[in-house]
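What follows is a single structure, written as structure tokens, with notes after it.
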Amino acid sequence: MSDYSNDTAYHRPVMLAQCLAALDLQPDGRYVDVTFGGGGHSARILEKLTTGHLFSFDQDADAEAEAHKLECPQFTFVKANFRDLTAELQQIGAVPVDGLLADLGVSSHQFDTPERGFSTRFDGPLDMRMDPDGPLTAADILNDYKEADLHRIFGMYGEVTNARTLAHTVVAARRGRTLATIAELKEAIRPCTPRGKENKYLAQVFQALRIEVNQEMQALQEMLLQTAEVLRPGGRLVVMSYHSLEDRLVKNFIAKGKFFGAVEKDFFGNENKPFEAVNRKPEEATADEVASNSRARSAKLRVAVRN
């Protein structure tokens, strides 16, 4: 597996050494990478296995093509959304597993492919689907959603400060025409884009649209709940998130076994929660890594052990 060296060409994995250490890899262990992406993490996990096995999930056909480079008896690629984690693993007899890695967010390759519509740097279609066969695009949201729904997703998922004004501006811009490209969206929302902060503002708007297109928050919650089913006692849960919404869900789930409210207790007052946190505070990338890979700047790594 050592000849697989596309870290920089396709997707440079963030906090690679920390992720591998957190998984506590055993040569004969069974592991899941639920976010294959460019395969950077998966390739390094495979290097550590002898009689063990790695199952990697991704819903993107480009990722599936990358996975062919890792073909070996210890590796199985599963073309599916990680929200189907338990069903897919049970179907191939892969439960329980010793460790699970989730590197959330968008791969560098997706950001760098203009026709996918993820990046503010290029013009391209307003797409943003992680699964290119998915039913909903960013254009659908911008052209079809009611103003109140646009206000909600811009505020909740993008944490845009003028979300109400932005939603009103989009609705006004789409009257009599369709917003189809990134350039058309940028031009349409120029009046409410803060001068001098254009890049940050557009990143927030794109984040909100991408999360809604891919149902990222719902899928993450569904996947996390299933980790308690597929990990053996003592198994490791390793999750890397890139914005506060994701990190909050992960933090709450590890701490309480649920996303909202207080942890549940049994008759004797013992906490009912499937995981114990390994690191109370999330691990962050070093200054050197951030300098060489800007995606690492916002990354937060949380690790837990299955009770």
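The values are calculated or read from the model by the stated rules, or taken from the named source; none is laboratory data. None of these values were measured; they are calculated from a predicted model. All Cβ positions, glycine included, derive from the backbone under ideal geometry; neighbour counts span all protein chains shown. These accessible areas exclude ligands, DNA and RNA; they are computed on the full protein's heavy atoms, side chains included. Shrake-Rupley method; radii C 1.70, N 1.55, O 1.52, S 1.80 Å.
When the range 68-89 is examined, which residues are found to be of a type in the set (A, V, I, L, M) and surrounded by fewer than 21 Cβ atoms within 10 Å (Cβ to Cβ)? If the condition is that a residue be of a type in the set (A, V, I, L, M) and surrounded by fewer than 21 Cβ atoms within 10 Å (Cβ to Cβ), then Leu70, Ala80, Ala87 are the ones that fit.
Of all positions in the range 269-276, at least one carries a residue that is open to solvent by 50 Å² or more (accessible area, probe 1.4 Å), part of a loop (DSSP other than H, G, I, E, B) and polar (S, T, N, Q). Scanning the range 29-58 for residues being touching a residue at least 60 places away in the same chain (Cβ under 8 Å), open to solvent by 40 Å² or more (accessible area, probe 1.4 Å) and not in a strand (DSSP E or B) gives a total of 0. Pairs meeting the criteria (first residue in the range 188-200 and exposed (fewer than 12 other Cβ atoms within 10 Å of the Cβ), second residue in a helix (DSSP H, G or I) and at pLDDT 95 or above, beta carbons under 8 Å, at least 6 apart or on different chains) are Pro191/Thr169; Pro194/Tyr201.
Of all residues in the range 134-168, those that are touching a residue at least 24 places away in the same chain (Cβ under 8 Å) and open to solvent by 60 Å² or more (accessible area, probe 1.4 Å) total 4. If only residues of the range 90-115 that are modelled with pLDDT of 95 or more and in a helix (DSSP H, G or I) are counted, the one that is most open to solvent (accessible area, probe 1.4 Å) is Gln91.
State which residue is farthest from Glu187 (Cα to Cα) when the search covers only the range 116-146 and only residues that are aromatic (Phe, Trp, Tyr) and modelled with pLDDT of 90 or more.
Ranking the candidates gives Tyr145 first.
Within the range 239-258, is even one residue of a type in the set (Gly, Ala, Ser), touching a Gly at 6+ places or on another chain (Cβ under 8 Å), surrounded by 18 or more Cβ atoms within 10 Å (Cβ to Cβ) and part of a strand (DSSP E or B)?
yes
Of all residues in the range 28-40, at least one satisfies being in contact with a helix residue (DSSP H, G or I) (Cβ under 6 Å, 6 or more places away or on another chain), at pLDDT 95 or above and of a type in the set (D, E, K, R).
Suppose we filter Ala304, Ala219 for residues that are part of a helix (DSSP H, G or I), small (Gly, Ala, Ser), touching a residue at least 40 places away in the same chain (Cβ under 8 Å) and within 23 Å of Asn81 (Cα to Cα); which single one remains? Among Ala304, Ala219, only Ala219 is part of a helix (DSSP H, G or I), small (Gly, Ala, Ser), touching a residue at least 40 places away in the same chain (Cβ under 8 Å) and within 23 Å of Asn81 (Cα to Cα).
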